[in-house]
Every structure is written in structure tokens, then in C-alpha cells.
1. FRET efficiency for Q149 and I193, Cβ-Cβ distance as r, R0 = 22 Å, nearest 0.05?
2. How high is the FRET efficiency between V77 and D257 when r is their beta carbon distance and R₀ equals 45 Å, given to the nearest 0.05?
3. Once both labels are modelled 7 Å past Cα along the beta-carbon direction, what's the E40-E276 spacing in nm?
4. Extension gain Q134-N317, at 0.36 nm per residue separation less the Cα-Cα distance, in nm?
5. Starting from the eigenvalues of the Cα gyration tensor, five times each then square-rooted, give me the equivalent ellipsoid semi-axes of segment 214-293, largest first, whole Å.
6. Given the rule -39500 (n - 2.57) for each run of at least 4 DSSP H residues, summed and divided by the residues of the chain, what is its mean residue ellipticity at 222 nm, to the nearest 500 deg cm²/dmol?
7. Give the distance, in whole Å, between the Cα centre of segment 208-264 and the Cα centre of segment 304-323.
8. Can you check what the net charge comes to around F135, using other residues whose Cβ is under 13 Å from the Cβ of F135 (Lys, Arg +1; Asp, Glu -1)?
Amino acid sequence: MEKRLRIIVCGVGFGQFYIRAIDKIKCKYKLVGILSRGSEWSKQWTKKYGVILYTDIDEITKENVDVVCVVIKSTVVNGEGSTIVHSLLEKGINVIQEHPIDIDDYIMCIKIAQKNCCMYRLNTFYPQLSNVKQFIFLAGKLREKNDVQYINAECSVHVLFPLIDILGRAIGGVRPWKFERVEETYKNSPFCIIYGSIYNIPICINVQNQMDPSDPENSVLLFHKISLYTECGNLTMIGTNSDIMWEPRIRKYIAADGGFHLEADDEYLDLPVYEEMHNDEGKCFREMFSDTWPDSIKLFLEDFYRDFYLGKKMDSNAQFLISVCQAWKDLGNSIGSANIIHAYTTKPIKISEIVK
């Protein structure tokens, strides 16, 4: 019988979603500790789950853990995550690392893991979200019937890495790509425009290239919005955490007499103007954070668990993710440094309040 894997989570910011995910699959994993600097927040989590608080990475060995989830910023975004990952892999400890990561760092982690006969996986998180996963699935089915002619994508610079990942999975690949920033005509726009191609498909990417260093997570105007245009219609992921919409291309059949006859036997006339695939309709942010997001991580952990007991050291997605890392780097170079802003003011508003 396959035993539960002992698991430690490093970081309790985004790491709290990993802890919630582990709590959903106690049959496969046992949380045995939290690695952090020793903040009061981390102490609360260790007390809640009755586990050890580690503040020194030297205390973590193969004797007391099977896998460590490193859920803090990597070197490329000015964090210590990469250093911690390297240290754990050198000990032969299996590691799951949260994105994003620089391409050179990613390749180095793969090599260290191979040298020490342990597993290393990069979790890009968003492709496992229920709405995004369904979009990727529908995009694949659509491509069996129609080639994608054009892509329009929007996102915040905060989630630029997973945008490339989602696109690559949706359209079948990433290479080759080309990105070029369009010169701005209006200097105060929150967005910059990138034209180019990905997987030989023309693309326009609208990126909110803004950052508030004092409150970076609350200056995001949107996560992801993606539209795939085909000859038969457009498939749109309205939002990362919302719905998917299909809009068939309009077709007016003109008869021999030059007229457009609504009475004609024409199946195009009976097509719905649009169709929506609802995902978690009506869910509030509290439920998204407590259930939907941990469920994404749960799926990733289940895949890791399966690979562990299959003895699958190498990640089958590694080559694809190397391309994602390089494309993200090139796209970031095209965009340039983020514009520094003060946090946007906000208040909770429902659509019912807008129409009052």
C-alpha cells in the first residue's frame, strides 16, 4: 500500500493555499512542518495544524520529510526561493516550486535534481484552475475542427508567466514566437500593447504594466482574458476565474435573387448568438480562495504523488516549460520595466449597485 508522503510548506503567504490543498488529500500527504522566518502568521498556521515550525533549512533532511513545497519568490523576482530550492535538491529532497522562475534557474534546478536522484516540479498553478483547464480543453477540441487564425490576450504583468503557459497549452505549443512593443500614443494608459506571434499564430497582447511596490497584489486590474479567433467563431476565456464564451461567426446567406431571406432553411440562422460555459457561477472571492484555488494545487499534488510512486523522476512537461520560461523572458524584455504607481482605490461593488 502506498504510504502518505511527508510534506513541508515553505512560506505561508500563497503557501496557505498549499496547506489548504494538503488538507483536502490527507490520504496521500501528511503536513509535518512549515518553513518560514518565524513570523506570528506562520506560528498561527503551525499551531492550527500541530506541526513543527522550521526557521533553519539545515534542520530539514530526507529523514524528516519526503517533499518540500517552496512557495516564496524566486531569484528572478528578488526572492530567496531559488536558493532554498537548490539547497533542498542538493540534499536529495524532492521539491515542488511555485512559479515564476528564470529559464537558467529552471534548467539548473532540473540538473541538480537529476544529479541527486530526486524529483523537481514547477507548479504554474493557473492551468489547473477549473475555468482555465476547461478553456484549454475546449481550445484543443476547437483546433481539431478549425485552425486558430488570431489570438487576443490581456493580463496584468503580475501573471504574465502563466499567460504564456496557458496559451501554449491552449494552442498546442509555444515555439516559435516573436514579440514587439507598439510605441505608445497615450502615455498615461495602464496598458502597453505587444504585437507578434506565438506558435506561428498572430497575437496581440495587452499588458497592464504597472506595479505598486508597497502593495503589489492590489494594483491588478485583471488576471487573464484570452480570445481565440477561428473561421467558425471565437472562443473567449472571459476571466481567469469566471466563464468561457463561444461566439459563432455570423453568416448571411444571400439567395440567387440577391435577397437575404430569414425564411430560408439555413442552419446558421438557428445558431445561438453566443453560448457560455459557466464555472462556479456566483462564487464569492472567499470561496474562490478557500476552495477553487486549493483545488488547483490539489490536482498538481495528486499528479506529483502518482509520479513519485511510479518512480518518474523527470517531468514530462520540462521541455515545454523551458520554452515558456524563455518566451516569458523575451516578452518581459519587450515590455520593459513596470510603471510605478500608487495603489488604486477600490470599494466592493455588485452589478446591482451599478444600475441603481
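Quick note: the coordinates plus some simple rules give every number you see, no bench work behind them. Computed from a predicted model, the values in this text were never measured in an experiment. Cβ placement follows ideal geometry from the backbone for every residue including glycine, while neighbour counts extend to all protein chains displayed.
1. Taking R0 as 22 Å, the efficiency between Q149 and I193 is 0.70.
2. The pair V77/D257 has a calculated efficiency of 0.10.
3. About 4.3 nm, to one decimal.
4. On the way: separation 183, 0.36 × 183 = 65.88 nm, distance 1.89 nm.
Extending this stretch completely gives an extra 64.0 nm.
5. Values: eigenvalues 324, 42, 14 Å².
The equivalent ellipsoid of segment 214-293 has semi-axes of 40, 14, 8 Å.
6. -9500 deg cm²/dmol, from helical runs alone.
7. The distance from the Cα centre of segment 208-264 to that of segment 304-323 comes to 34 Å.
8. Values: positive: K133, K141, R143, R169, K225; negative: D165, D243, E276.
Local net charge: +2.
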